[in-house]
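**Student:** Below is one structure. I have some questions about it.
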Amino acid sequence: MKISILSCAENEIAAAMDYYNEQYPGLGYELAAEAKECLRRISAYPDAWHYFSDTTRRCLLNRFPYAILYRHKDKEIVVFAFMHLKQNPKKWNKLIQTR
């Protein structure tokens, strides 16, 4: 299944990686590996994760307080955000509604 990641989600992943690498060298790369595994699970089972909104689903990372927000249609998955779970979810609701 094709996965497209919006630039805003790529920026959020990069910022999180930078933060974790500053906290402990290499930890940001572990976050990236966890995100990649999450994307693999989404690709294999796109309907398995809980709805975040009417059309968007949320898949939680196992080790880090993040989730991937995505929408799938036919054979394509679009990743909208790399969401930190301690932030206000309304921030992403606005993004999802405009797409």
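**Student:** May I ask you to derive the relative contact order of the chain, considering only C-alpha pairs under 8 Å and at least 6 residues apart, and to give it as an integer percent? Let's see the in-between values first.
**Tutor:** Values: 133 pairs, mean separation 29.0, N = 99.
Result for the chain is 29 percent.
**Student:** If you take Cα extents along the principal axes in Å from the coordinates, which of (i) 39, 28, 21; (ii) 36, 27, 22; (iii) 40, 25, 17 do you get?
**Tutor:** For Cα extents along the principal axes in Å, the calculated option is (i).
**Student:** Further question: Test of understanding: ordering S7, S53 by Cβ neighbours within 10 Å, fewest first, what list do you get? Show your work: numbers first, answer last.
**Tutor:** Numbers: S7 7, S53 15.
The order, fewest Cβ neighbours first, is S7, S53.
No lab work stands behind these numbers, since they all come straight from the coordinates. Everything numeric in this text was worked out from a predicted model, so none of it was measured. Neighbour counts are summed over all protein chains in view; Cβ atoms, including those assigned to glycine, are modelled from backbone coordinates with ideal geometry.
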